[in-house]
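Structure first, commentary second.
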Amino acid sequence: MLRRTVYDREILLLAVPAFGALIAEPLYVVTDTAIVGRLGTPELAGLAIASAILLSAHAALIFLAYGTTGLVGRLVGAGSPQRAAEQGIAGMWLSVGLGIAVSLGMWAGSDWLVGLFDPTPEVAELALTYLRISLIGFTALLAAMAATGYLRGAQDTVTPLIVAVASALANLLIELVLVFELDMGIAGSAWSTVVAQWGAAIVFVVAVHRRTRAAGASLRLVAAAARRYARVGLQMFVRTSALRGSFVLAAVFASRIGTTEIASHQIGAEIWSLLALALDAVAIAGQAMVAKELGASRPEVARAASVRMIGMSLQLSFIFGAALVLLRTPLAGIFSTDPEVVSLGGFLLLFVAAMQPVNAAAFAFDGIFIGAGDLGFLARAMAGAAAGFAIVGGTVRVLDLGIGWLWAALVLFMCFRVAPQWIRFRGDAWLRTGDA
């Protein structure tokens, strides 16, 4: 698990570009958090609420990326590039339809969604501003997710890296101009993200069109490819909704403790998300590689490579954890000038550091099981972990134990998540071969 193997080169060829892309993707919100934090604590609290809502919708539809990677990877491994391309095209069409429908629904219910967090009137107005503007780019975000899933399934993690880095840099430059030069405040932060998201979506559409045309696939929606998303989409929806729902519930609890607490919680949540996606680079390699090997009916290779991927993820997590312990106060200072927020945010980053090895195992297992198509198990396991957090986190809130104990409950949530994954991995039920 912790030593070099013959699978290291292939894992790294997939994981390293994915690492860069996954780091670049959350920089949209991290950049917004750092810049908006300079505007004031109410602005940062408003961003925390809007981000929790947007990221929850994003997570609920993550099957457009992760599910597509597994489906396409199996077809690539089985030697069916045209069917793989048709699967990618179906994902793109689905992303557009879902993007429009979800954006309109969230816009109509935006007052109710923000109200769930029980913010002050000032914070609520700022949250609504950011949320409503950001929804204009939501369809573009989903299209980029679907395109990324197809390209990764086709063993191409370089193109998503290039697009993600370029769009993150564009977001930063545009945001600096809109927020500080044009004095647009939190609205400027949201508009910069919208522009960057639509630019990335256009580039992804061009890249997918070129690859699918080379595979001999047309741009029409193939019914068989669309039907595959019914099962995958439902199971991934349950899994990711339970995961994201737990963090939304944590944000709701933090918001009701106080403005300083929710602002500090936002810092911890953003660093957690950033490092989670960095660790997820190995999981992306797992999705693509395990799917390909099982599609080619090589379960022994899929297992051996999976063991090494778990080890790589753990090794990376120890580096992240140590860095967080050493740099927690300067990191918190990036996001706010409020001394109380910085102090409390630095304290919460200790919990984030403690979670890193558990996170590493959980994300690696996720990638392996998604690549294997073992989504029913993931849905059940995540629902159970979320129920456990709801009980523990709810107890913390009812007893008014404070934000530190709330983050201790999140640590326990990740332990609830990884325990059944380890048990499942030791068996053979997830090693299903073939192209279906």
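All conditions in (1) part of a helix (DSSP H, G or I); (2) at pLDDT 80 or above; (3) open to solvent by less than 60 Å² (accessible area, probe 1.4 Å) hold for Leu234, with the sole exception of (3).
Is the stretch 383-396 home to any residue that is open to solvent by less than 10 Å² (accessible area, probe 1.4 Å) and either more than 23 Å from Gly258 (Cα to Cα) or of a type in the set (Asp, Glu) (or both)? Within the stretch 383-396, one or more residues are open to solvent by less than 10 Å² (accessible area, probe 1.4 Å) and either more than 23 Å from Gly258 (Cα to Cα) or of a type in the set (Asp, Glu) (or both). Can Ala276 be described as part of a helix (DSSP H, G or I) and surrounded by fewer than 18 Cβ atoms within 10 Å (Cβ to Cβ)? Criteria not met by Ala276. Filtering Thr337, Thr433 for residues that are farther than 24 Å from Leu279 by Cα, touching a Pro at 6+ places or on another chain (Cβ under 7 Å) and open to solvent by 40 Å² or more (accessible area, probe 1.4 Å) leaves a single hit, Thr433.
Contact annotation: residue pairs with Cβ atoms under 7 Å, 6 or more positions apart or on different chains, pairing a residue in the stretch 1-24 that is farther than 23 Å from Ala276 by Cβ and outside any helix (DSSP H, G or I) with a partner that is open to solvent by 20 Å² or more (accessible area, probe 1.4 Å) and modelled with pLDDT of 80 or more, are Tyr7/Ala304.
From the list Arg380, Arg397, Arg432, pick out the single residue that is charged (D, E, K, R), more than 21 Å from Ser313 (Cβ to Cβ), at pLDDT below 90 and assigned to a helix (DSSP H, G or I). Give the steps one after another, and end with the answer.
Working: Arg380 fails: at pLDDT below 90; Arg432 fails: assigned to a helix (DSSP H, G or I).
Checking each option against the conditions leaves just Arg397.
Scanning the stretch 76-115 for residues that are within 30 Å of Thr41 (Cβ to Cβ) and open to solvent by 70 Å² or more (accessible area, probe 1.4 Å) returns Trp107, Ala108, Asp111, Trp112.
Of the residues making up the stretch 340-360, none is open to solvent by less than 40 Å² (accessible area, probe 1.4 Å) and either without any contact (Cβ under 8 Å) to a residue 12 or more places away in the chain or of a type in the set (Ser, Thr, Tyr) (or both). Checking each residue in the stretch 181-201 for being of a type outside the set (Gly, Ala, Ser) and either touching a helix residue (DSSP H, G or I) at 6+ places or on another chain (Cβ under 8 Å) or open to solvent by less than 10 Å² (accessible area, probe 1.4 Å) (or both) picks out Leu182, Met184, Ile186, Trp191, Thr193, Val194, Val195, Gln197, Trp198. Of all residues in the stretch 125-165, those being among the hydrophobic types (A, V, I, L, M, F, W, C) and either outside any helix (DSSP H, G or I) or open to solvent by less than 20 Å² (accessible area, probe 1.4 Å) (or both) number 15.
Screening the candidates Arg211, Arg256, Arg239 for the property of being open to solvent by 60 Å² or more (accessible area, probe 1.4 Å), touching a residue at least 60 places away in the same chain (Cβ under 8 Å), within 30 Å of Met414 (Cβ to Cβ) and not in a loop (DSSP other than H, G, I, E, B) yields one hit, Arg256. Just checking, which of Ser306, Ser317 is assigned to a helix (DSSP H, G or I) and in contact with a Gly (Cβ under 8 Å, 6 or more places away or on another chain)? Just one listed residue meets the conditions, Ser306. Residues in the stretch 317-330 that are surrounded by fewer than 20 Cβ atoms within 10 Å (Cβ to Cβ) and of a type in the set (A, V, I, L, M) were compared, and the one that is nearest to Gln287 (Cα to Cα) is Ile319. A count restricted to the stretch 403-427 and to residues that are in contact (Cβ under 8 Å) with a residue 12 or more places away in the chain and either charged (D, E, K, R) or open to solvent by 20 Å² or more (accessible area, probe 1.4 Å) (or both) stands at 10. Any idea which of (1) in contact with a Leu (Cβ under 8 Å, 6 or more places away or on another chain); (2) of a type in the set (S, T, N, Q); (3) under 20 Å from Ser134 (Cα atoms) is the one Thr212 doesn't satisfy? Looking at each condition in turn, Thr212 falls short on (3).
Only a single item in (1) touching a Leu at 6+ places or on another chain (Cβ under 7 Å); (2) open to solvent by less than 30 Å² (accessible area, probe 1.4 Å); (3) not aliphatic (A, V, I, L, M) is not met by Thr68, and it is number (1). Against the conditions (1) modelled with pLDDT of 85 or more; (2) not in a helix (DSSP H, G or I), Leu221 satisfies every one except (1).
The values are calculated or read from the model by the stated rules, or taken from the named source; none is laboratory data. This one's a predicted model, so the numbers in the text were calculated from it and none came from an experiment. No Cβ is skipped: glycine too gets one built from the backbone with ideal geometry, and neighbour counts run over all protein chains shown. Surface accessibility is based on the protein's heavy atoms, side chains included, excluding ligands, DNA and RNA. Shrake-Rupley method; radii C 1.70, N 1.55, O 1.52, S 1.80 Å.
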